[in-house]
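The values are calculated or read from the model by the stated rules, or taken from the named source; none is laboratory data. Keep in mind that this is a model prediction, so the values were computed, not measured. Cβ: placed from backbone, ideal geometry, glycine included. Neighbour counts: every protein chain shown. Calculation scope for accessible area: heavy atoms of the full protein, side chains included, ligands and nucleic acids excluded. Shrake-Rupley method; radii C 1.70, N 1.55, O 1.52, S 1.80 Å.
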Amino acid sequence: SADDRFGGSTDTNVVLSWDGRVTWDAPAITKSSCKVDVSFFPFDGQRCRLTFGSWTHNGNQIDLQNLLDVGDLRDFVENVEWEVLGMPARRNVVTYGCCSEPYPDVTYTLLLRRRASFYVFNLLLPCLMVSFLAPLGFYLPADSGEKVSLGVTVLLALTVFQLLVAENMPPSESVPLIGEYYIATMTMITASTALTIFIMNIHHCGAGARPVPPWARRLILQHLARLCRVQDVGDSCRSPRSTSGGGDPGETPTDGEAEGEGRGCPRQRCLCHHRGLLRNVTYISSSLRGRRIAQRRAGDWKKV
């Protein structure tokens, strides 16, 4: 017995039959150890062997025989976690190198299968639903400010489920597939969260940021955008402007044209308030031009 407290037998009566047969029923609770394989937890099955034999008497003194080919499970108490599929019995005779006497034993193989419904509803389904939220972080707009918090929340939820799986399993050399799934998912979410922080830093580049490098514009905004089918809103319905001759009737003159017209005004015919008006218009146009350049620069980083 694998029990820590190995006590003596219980005092029970001995039945003596008329033909000299002696029957002694000694009730006992025997504990045994079993190597557990949890690779397919919670859809795993176990094979536990119970070997009964004598260490002090050889086969010539005590000959063990199994009356049935299977174990008697009529008094078995149903378990909420394990289902017993069977208990076949087999008689073995072992001869050691030191002695010529045989040592028989009877080995019962207990076939167990785990009831997986409890773990499916409490571990697998919540994990799948939480993992479904992880890819939605890529669909979440960057301006919402919740991309990083969503990734961290999903990562913490998977960590809690990983701890629950570790508590419900016995220590074993093999790592279950569900544990590998948790670790792989947590690794990908950690990598995506770190990448999201880097992307948010690029996305929120302000007006003071330097322009997009030419290699990044060529690689990301042209080749990768075409490969990933990413385009700006309205690109498909934007008509090319005519560059030759006159433009649209409602098109406003550009800053250069307005500035050119301002410089073309004859100075001898301009009054004092005209000079102040031209100075103010020049300041407004330069401010608008600088703001438009800053907006275009920030927009390029957002596209990246």
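Out of L68, L73, L64, report the one residue that is aliphatic (A, V, I, L, M), touching a strand residue (DSSP E or B) at 6+ places or on another chain (Cβ under 9 Å) and open to solvent by 80 Å² or more (accessible area, probe 1.4 Å).
So the residue among L68, L73, L64 that is aliphatic (A, V, I, L, M), touching a strand residue (DSSP E or B) at 6+ places or on another chain (Cβ under 9 Å) and open to solvent by 80 Å² or more (accessible area, probe 1.4 Å) is L68.
Listed residues F118, F132; which is surrounded by fewer than 14 Cβ atoms within 10 Å (Cβ to Cβ) and closer than 30 Å to S149 by Cβ?
F132
A166 - would you say it is under 30 Å from R296 (Cβ atoms) and within 21 Å of the chain's Cα centre (by Cα)?
When the stated conditions are applied, A166 does not pass them.
Give the residues of the stretch 95-117 that are within 50 Å of the chain's Cα centre (by Cα), over 18 Å from L68 (Cα atoms) and touching a residue at least 40 places away in the same chain (Cβ under 8 Å), sorted by residue number.
Those that are within 50 Å of the chain's Cα centre (by Cα), over 18 Å from L68 (Cα atoms) and touching a residue at least 40 places away in the same chain (Cβ under 8 Å): L112, R113, R114, A116.
Counting just the residues of the stretch 24-51 that are open to solvent by 100 Å² or more (accessible area, probe 1.4 Å) and among the hydrophobic types (A, V, I, L, M, F, W, C), which one comes out modelled with the lowest pLDDT?
Applying the filter and picking the extreme gives I29.
Could you say whether any residue in the stretch 145-152 is surrounded by 13 or more Cβ atoms within 10 Å (Cβ to Cβ), assigned to a helix (DSSP H, G or I), touching a helix residue (DSSP H, G or I) at 6+ places or on another chain (Cβ under 9 Å) and charged (D, E, K, R)?
Within the stretch 145-152, one or more residues are surrounded by 13 or more Cβ atoms within 10 Å (Cβ to Cβ), assigned to a helix (DSSP H, G or I), touching a helix residue (DSSP H, G or I) at 6+ places or on another chain (Cβ under 9 Å) and charged (D, E, K, R).
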